[in-house]
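What follows is calculated from the coordinates using simple rules that are stated; it is not laboratory data. What you see is a predicted model, and the numbers here were worked out from it, not measured in a lab. Here the Cβ positions follow ideal geometry from the backbone for every residue, glycine too, while neighbour counts run over all protein chains shown.
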Amino acid sequence: MTATIATTFLGVPLGMALFVAVLAIALLGYVMARGRVMARAGGDARVLHSLPNYYGMTAAMFAAVPALGVLLIWLLAQPTVVQNAVLPLIPADKIDSVGTQSLILSDVRRVADGLDIALSQGALTRADIAAMADDPSALRATLGEVGVALGSEVEPFVLAAAQKSRALNGQGRFWMAAAVLLIALAGLALAVRAADPDFRARNIVERGILVLLIVAASLAILTTVGIVLSMLFESINFFRLHDWKDFFLGPKWAPNFRGDSDLSILPLLWGTLYISIIALLVAVPIGLFSAIYLSEYAGPKLRGIAKPLLEILAGIPTIVYGLFALLTVGPALVRLFGRGEDGILGVEWMSGATSVLTAGLVMGIMLIPFVSSLSDDIINAVPQSLRDGSFGLGATHSETVRQVILPAALPGIVGAVLLAASRAIGETMIVVLGAGAIARVSVNPLEAMTTITTRIVSQLTGDTDFASPETLVAFALGLTLFVLTLGLNVLALYIVRKYREQYE
Amino acid sequence: MRDNIISEKDVMQNQTAHPAKIAARNVQVYYGDTHAIKDVNVDIEANTVTAFIGPSGCGKSTFLRCINRMNDTIDVCRVEGDIRIDGEDIYDRKVDPVQLRAKVGMVFQKPNPFPKSIYDNVAYGPRIHGLARNKAELDDIVEKALRRGAIWNEVKDRLHAPGTGLSGGQQQRLCIARAVATEPEVLLMDEPCSALDPIATAQVEELIDELRQSYSVVIVTHSMQQAARVSQKTAFFHLGNLVEFGETDKIFTAPEDPRTESYITGRIG
Amino acid sequence: MTDITPSGASLLVQDARTQKRNRAEARFKMYGLAAIAVGLLMLVILLTTIISRGTGAFQQTYVTLEVPLLEAKLDKKGNRDLADIKKVSTFGYAPLMKAAFEEKVAAAGIETSLKSKQMAALLSKDAAATLRNYVLQDVDVIGQTIEFEFLTNSRVDGYLKGRVSRDSMANDKSINAAQLDLVDALIADGSLRKRFNLDFITGADASDQRPEAAGMGVAMIGSFFMMLVVLALALPIGVAASIYLEEFAPKNWITDIIEVNISNLAAVPSIVFGILGLAVFINYMHLPNSAPLVGGLVLTLMTLPTIIISTRASLKSVPPSIRDAALGVGASKMQSVFHHVLPLAAPGILTGTIIGLAQALGETAPLLLIGMVGFIASNPPDGITSGLMDPNSAMPAQIYEWAKRADPAFYERAWGGIIILLVFLITMNAIAVLLRRRFERRW
């Protein structure tokens, strides 16, 4: 009977239903505990240790927090537990690599999901499924009818595994519901019983809140750990299937979905760096000079207008810049450098709108406000006394800027440029739309090249097969990108922080 | 208005005694709507240390900064009246403040060495004004300036160490050396010792007395003892007015204005 | 010490060196002005491009036809049974439209060599479906002749908007000169015209063949649900984390690590969060592909650092004297924070949150990896659960999707979509600025 517990309760996913139920119990606990302690105090709140609300909150906290914690952990852990339990059902000879194992497991999941849907729609009965146990060849067609498409015929062991995972999942959901509700009720009972005028409810509530605050703060660490682990595991899978020497040192990027691909990061790295360098060549001079003018020369009026206007550039989503690159800047460059006799220069150097220059220029525009507002902050942090000292010696304003302010601000500006470089390396939409898809190593900026981020997108969208190196390489690329930007960020943040301390 | 008449008289006397290096007439300074300096007239002589004293916010620093047009760098500040150096109006449209400041050097309240080496700090002025034709001449200028700043012996072995690494007193003497390296004719000092300890203060005061040989020095100070020690002439400012100006001895022993007397006896300020 | 000779040069005359230095000064100032001018020029070019290319999407060409809804074609049994009428596919409606077009041409007295099939080809492929839906809504109209405004196809629309010309037609098989003549005649007749197109704002995406029918509406709902998730998770978690770090955290290496982590996460490329979402939420937790819930979770993780950084700044700007005052009357540390510091910091927190949300709303890259592109988001969700769990697109993802399609008519859609997206972003930022102006406190 446990297997009949559905994934949904009255049309709401079970997890959500339990969540609401726990909140209801918590509310009940609040009312009960507050009422009880007030009754014990004879309606006089002054004899209580804490304000009456704190008694209510203690009960609500005891009811909700442990129960919701268990719910969350259970939801996270159940897939792994079920998967490990199902694994022995798959004959060892069917698994020749890590890849095929995950492929079979995903088949099992699809069949299990399909069976659930078919049962709920009435396309199959429990007896039908039992009858198919030995020869489930008809299952593919039936599941197709209810909207679950399968890549291949269902083998008996897959059906068996699917059935077992359905049963286990059903049991799991039942016990989860039972455990969560029991824990919530137990917490409620405990806290309501403790509701006594001498009970230090406020201290308990505050300690509980502090724990929640700490959990929230550590989510940042959890996210980083999640990023690293998720990419690390898949990268390890990738390096099991593909030679690491080819990835880091190979000459070519040529994925081939029939297998035997050349998957080297070097051509992608070259494209990424080339585009980033062009972007920085555009953004750093323009951004830096804007910042110098705005902070040193401009009156409050011009500053009040120009600074927010420039910052609009920073608020525009990158997809807009991508479209701008693909449909405006690219064609304009082609008109200038391409089309032979019809072009403006009459040359035939550029054939398509996508190129390193297209993406680099547009990315440069995007980074102008980034560089200028960071540099502006940094230039403003240079103490006025240094300016006075220089003016007092008879230096002109530009001499003061070039020989005193910029050298003093140099570390900070280097930090800002590094942060901008990290942005450029990790930028995705502009290069996806503006840089092209051809991996090549060339110094001609009018040619299309490709970058790490565009390849991550193309390998992970569309038909993906998490057993093939062509898909898994995206995780290795992602990890490299993460390490690269992490290094730049940490270095930049360190430099900027040191710089700030110097003038505080 | 009575104070003005007195100071006017003083000025007249001084003019007959020595030729004035700097002559200020009817100087008014406004910060936005605030009238910070009211109708100041003063004559400053060459080879003399002139001290500006007065309570905080009386306008003595503001007036000092008018003499090399440092107030130009503050947007809301407006200067009216007439300040002449060697008979030339420094607020004339044709005057470039850059040239003026080379002639009228300045030392600030807080030591402000640039984040460069000691050598580059001192060489900065000569370089931008093009005072040296080659490296050897520049070395020479730097050494002379550091000697005049009475700090040569302490830094000659580490000329290429950062100027910010010196002690407070050393930094201030470095800043004085930096100011004299451009060979100014007037040296303005805005409370040069306020950030220094007594020993460093004594060193700087001694230095100021020596500098008098070559320059006309104007020093703003909070400390009346310092004014009495280093200056030959003293001007007392109060609420933007120049109340009294005369020989230092006379100001401190027989002030004419009751406000000056109150201040030096410690009743206002 | 008397070797200093006064330079003697008059202050009133600029020497050659000073003149040179002043020219350098002027040049330097020019560079600065030029840099700002270039930056602003780029902004102007970008905005004018968006507006000039995108406004077209808000207008669409329609042709008015009088369609006889023949019972013989639509309801052969004549019993007005909805189930039977539903069996008539859009193909069944095509002859009616051909006839209506012929009728129109004849009534207007236009001479053309075109066959009715070629005439009807001027209509959008969506037109028959529109008519069918109309009939299915009210079966009693069968038998009547009704006047109906149909979408024309994207070529006709492009002709009216100047995208398609008689020159560009040469290498375009979808339209010919005779058809354009007919279009011109219909314009003269007044039955073919361009008008405001609400469907672009409220409608669903359409397939490759029907750019004229594509709209942003469903993607907007997808974005809305994602923002709901982000707001519900990022705001409380972000504020909680900030309160801990700013008010309670001891100064030790763990706190240091958390801080470094947060500032680093703020600078991690957004696509990395997409990889995380794909690996954890979809591959591990088996949440549905393309669901706004997953998109919202990914964007939450991405927005959290931004919100934490701005919240901490607002908390920091509340002066310590407020905390001391609360502690001084016997409040606990927690009470002083929740009763005094947090309410005072609330406007700043809200401003930061809105700006973080705006950032998340425009983010595209992570959405590509969790599958919010590459399909047609055709049906608006019918409730909160389906809004969160059913596959949907999001505004920036929809724009990307259109930008990738081959037909230039979709580019106009993409620019138009950007206008809608920017209107949202500008509104959000304006609210943030207003909040800051209204509640800003100087301590």
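Descriptive notes on the structure:
- Peptide ranges A:47-60, C:122-135 listed from the most packed, as the mean C-beta count within 10 angstrom indicates: A:47-60, C:122-135
- Sequence-distant aspartates and glutamates (8 or more away, or on other chains) whose Cα lies within less than 19 Å of C:Lys404: A:Glu427, A:Asp463, C:Asp205, C:Asp208, C:Glu212, C:Glu363, C:Glu412
- Dividing the convex hull volume of the alpha carbon atoms of region C:1-124 by its residue count gives 294 Å³ per residue.
- In percent, rounded to a whole number, the relative contact order of region A:268-467 is 33, using alpha-carbon pairs under 8 Å and six or more apart.
- P(r) of region A:96-232 over all Cα-Cα pairs, binned every 10 Å from zero, in whole percent: 10, 24, 20, 19, 16, 10, 2
- Debye log10 I(q)/I(0) for region C:172-287, one point scatterer per Cα, at q = 0.11, 0.24 Å⁻¹: -0.70, -1.32
- Diagonalising the gyration tensor over the Cα atoms of region C:290-341 and scaling each eigenvalue by 5 before taking the square root yields semi-axes of 35, 12, 5 Å, largest first.
- Cα-only Debye scattering, region A:268-467: base-10 log of I(q)/I(0) at q = 0.08, 0.17 Å⁻¹: -0.35, -1.05
- Crossing angle, helix C:408-439 versus chain C [Cα axis fit, 0-90 degrees, rounded to tens]: 40
- Shown is the FRET efficiency for A:Asp377 and B:Ala161, computed with R0 = 30 Å from the Cβ-Cβ distance and rounded to the nearest 0.05: 0.55.
- Estimated FRET transfer efficiency when R0 is 45 angstrom, pair C:Ala83-A:Ile438 (beta carbons, to 0.05): 0.25
- Over all Cα atoms in chain C, the spread is summed up by Rg and Dmax: 31.4, 123 Å.
- Listed pairs C:Lys76/C:Lys98; C:Lys86/C:Lys194; B:Lys21/B:Lys94; C:Lys115/C:Lys161; C:Lys173/C:Lys194; B:Lys116/B:Lys144 exceeding 29 Å between Cα atoms: C:Lys86/C:Lys194
- Gap separating the Cα centres of region A:452-504 and region C:105-160, nearest whole Å: 53
- What the Cβ-Cβ distance of C:Lys20 and B:Asn26 gives, at R0 = 41 Å and to the nearest 0.05, is a FRET efficiency of 0.70.
- Spread over its residues, the convex hull of the C-alpha atoms of chain B is 126 Å³ per residue.
- Histogrammed with a bin width of 5 Å, the alpha carbon distances of region C:57-196 distribute as 2, 10, 20, 21, 18, 13, 8, 5, 2, 1, 0 percent, first bin at zero.
- Rh (Kirkwood; distinct C-alpha pairs) - region A:368-414, Å: 10.9
- For B:His238, the residues 5 or more places off, or on other chains, whose built amide H falls under 5 Å of its own are B:Val243.
- Fraction of the pair-distance distribution of chain A above 31 Å, Cα-Cα pairs, percent: 66
- Per residue of A:420-429, other chain Cβ atoms within 10 Å of the residue Cβ number 4 on average.
- Nearest-ten-degree value, helix A:52-86 long axis tilted from longest Cα axis of chain A: 90
- Computed over the alpha-carbon atoms, region C:314-434 gives an Rg to Rh ratio of 1.21, Rh here being the Kirkwood radius from the mean inverse distance.
- Theoretical gain in end-to-end length, A:Arg40 to A:Leu273 [0.36 nm per residue, Cα-Cα removed]: 76.7 nm
- The ellipsoid equivalent to the alpha-carbon distribution of region C:253-299 has semi-axes of 26, 11, 8 angstrom, derived from the gyration tensor eigenvalues as √(5λ) and listed largest first.
- The mean number of partner chain beta-carbon atoms within 10 angstrom of a residue's beta-carbon across peptide A:78-86 is 1.
- Look at the stretch C:275-285: the mean tally of other chain Cβ atoms within 10 Å of its residues' Cβ atoms is 6.
- Amide H partners (placed H, <5 Å) of C:Leu123, local residues excluded: C:Asn153
- For region A:362-463, the Kirkwood estimate of the hydrodynamic radius, built from every pair of different alpha carbons, is 16.6 Å.
- Of A:Asp463, C:Asp84, C:Asp407, the sequence from fewest to most neighbouring Cβ atoms within 10 angstrom is A:Asp463, C:Asp84, C:Asp407.
- Take the Kirkwood radius over Cα pairs of the protein assembly as shown, plug it into Stokes-Einstein at 4 °C and 1.567 mPa s, and you get 35 µm²/s for translational diffusion.
- Helix C:90-108 vs. chain C, principal-axis angle (Cα, 0 to 90°, nearest 10): 80
- A convex hull fitted around the alpha carbon atoms of region B:141-269 yields 116 Å³ per residue.
- Our coupling estimate for region C:332-340, obtained by passing each phi through the Karplus curve with A = 6.51, B = -1.76, C = 1.60 and θ = phi - 60°, is 6, 4, 4, 5, 4, 5, 6, 8, 10 Hz, Gly and Pro reported as x.
- Region C:217-439: relative contact order in percent, alpha carbon pairs under 8 Å with at least 6 residues between: 31
- Mean projection area, nm², convex hull over Cα of region A:2-237: 16.1
- Relative contact order (%) - criterion: Cα under 8 Å, at least six apart; region: chain A: 17
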